[in-house]
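All remarks here apply to the structure that follows.
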Amino acid sequence: MADGFLGYKTSFMLDLVVCALVAVVPVLLYSIYIVKYKHRFALHKTLQLVLAAALVLTVLAFEVDLHLIQGGWENIVAKRDVPLTKEAFSFVRTLLTIHLIFAGSTPVLWGITIAYALKRFPSPPAPGDHSPLHKKLAWASTIDLTLTSVTGLIFYYFAFVA
């Protein structure tokens, strides 16, 4: 599929990633809620692993589409009915740079959080000696992932909608 499904001249995979960016934060917050207030550690673990796997697969498919099929984000932006001005293009490029800072650090930080949790928590999962560090890593990962989502949505809006 060459065109997006959200009504803009993008790509199918770009629109799919945008939907994932919208969905990921509520699921992440629900996962935090169930572990913090409901003490459903196994469900929290499952949600985190499914969410991480789904995002990894979605982003990998997106990167293949973006670079190998579409030829880069500039080619997708060039499909707009109204081209971006030089100033708007520069602004969008800056937004993308900011987004990529968070998008690059998120998998590393979240990966470390998950790897330590899998290694240091018992099975089935329960609070333990690793809990204080896990909470710090998890909040840092949550903030990073939220900023990835927010900056990605801002980039999408200014690059393809506005």
Tabulated pairs, segment 2-27, first more than 18 Å from THR151 (Cα to Cα) and surrounded by 15 or more Cβ atoms within 10 Å (Cβ to Cβ), second modelled with pLDDT under 95 and hydroxyl-bearing (Ser, Thr, Tyr), C-beta under 6 angstrom, 6+ apart or interchain: GLY4/THR10; GLY4/SER11
Within segment 50-162, helices (runs of 4 or more DSSP H) holding 3 or more residues that are more than 18 Å from LYS9 (Cα to Cα) and either in contact with a strand residue (DSSP E or B) (Cβ under 8 Å, 6 or more places away or on another chain) or without any contact (Cβ under 8 Å) to a residue 40 or more places away in the chain (or both): 86-120, 131-156
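Going through segment 5-39 one residue at a time, which ones are in a loop (DSSP other than H, G, I, E, B) and at pLDDT 95 or above? Show your work before the answer.
Initially, segment 5-39 is screened for residues in a loop (DSSP other than H, G, I, E, B), giving 5-11, 37-39.
Once the filter is applied, which keeps residues that are in a loop (DSSP other than H, G, I, E, B) and at pLDDT 95 or above, segment 5-39 yields TYR37, LYS38, HIS39.
The values are calculated or read from the model by the stated rules, or taken from the named source; none is laboratory data. All of these numbers come straight from a predicted model, not from anything done at the bench. Cβ atoms come from the backbone with ideal geometry, glycine included; neighbour counts cover every protein chain shown.
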